[in-house]
Amino acid sequence: NGNAFCFVVMMVKIGLIGIAAIFLAAPLRKDKGEFSMLIVLVAGMLVFVYALARMQTILTFLKELIDRLPIDEAYLTPLFKMLGITYVADFAANFSRESGYSSLAGQMELFAKLSIIALSIPELMYLVDVLENFL
């Protein structure tokens, strides 16, 4: 369908942004590392903006699903937040690692994992309640 074609076109654009950034940044990496990093950061931010647009499509679908199914929205909202946390953490950690700051990348990933665990506590409690009522 037309929507699938739109996704393919968008992926081609993302691929071209990445390839262009690499071709621009690679020659500068040795002598002008700060410019190389800036090019990669700008390309990463462009991809991030495109990803946010895709996340909006996913969120719209999930909201429609919530309307159709007897699921309390309060239990799915943290899942949306977890999706955002994982994307932002992955982007930031990869950029930090690429910039030579692996330790900082690890700390960001740890914080993201702890945040996801904290967000999942209400869902785990809901699951325990459901299991108690079932048994």
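Remarks
- C-alpha long axis of helix 2-25 to longest principal axis of the chain, angle in °: 40 degrees
- For the pair segment 63-135 and segment 1-48, the centres of their Cα atoms are 27 angstrom apart.
- Seen from all directions on average, segment 1-41 presents a Cα convex hull projection of 2.7 nm².
- Remark: the chain is approximated by an ellipsoid whose semi-axes, taken from the C-alpha gyration tensor as √(5λ), come to 37, 22, 8 Å, largest first.
- Computed over the chain: relative contact order in percent, which uses C-alpha pairs under 8 Å that are six or more apart: 15 percent
- Percent of C-alpha pairs per 5 Å bin, segment 47-94, short to long: 5, 19, 25, 23, 14, 9, 4, 1
- All lysines inside 18 Å of Lys63 as judged from Cα atoms, apart from same-chain residues fewer than 8 positions distant: Lys81
- Computed over segment 91-130, Cα set: Rg, Dmax in Å: 14.7, 46
- Helix-only mean residue ellipticity at 222 nm for the chain, each DSSP H run of n ≥ 4 adding -39500 (n - 2.57), per residue, nearest 500: -32000 deg cm²/dmol
- Interchain or long-range residues, amide H under 5 Å from Ser99's placed H: none
Each value in this text was obtained by applying a stated rule to the coordinates, not by laboratory testing. The shown structure was predicted, so the numbers you read here are calculated from the model rather than taken from an experiment.
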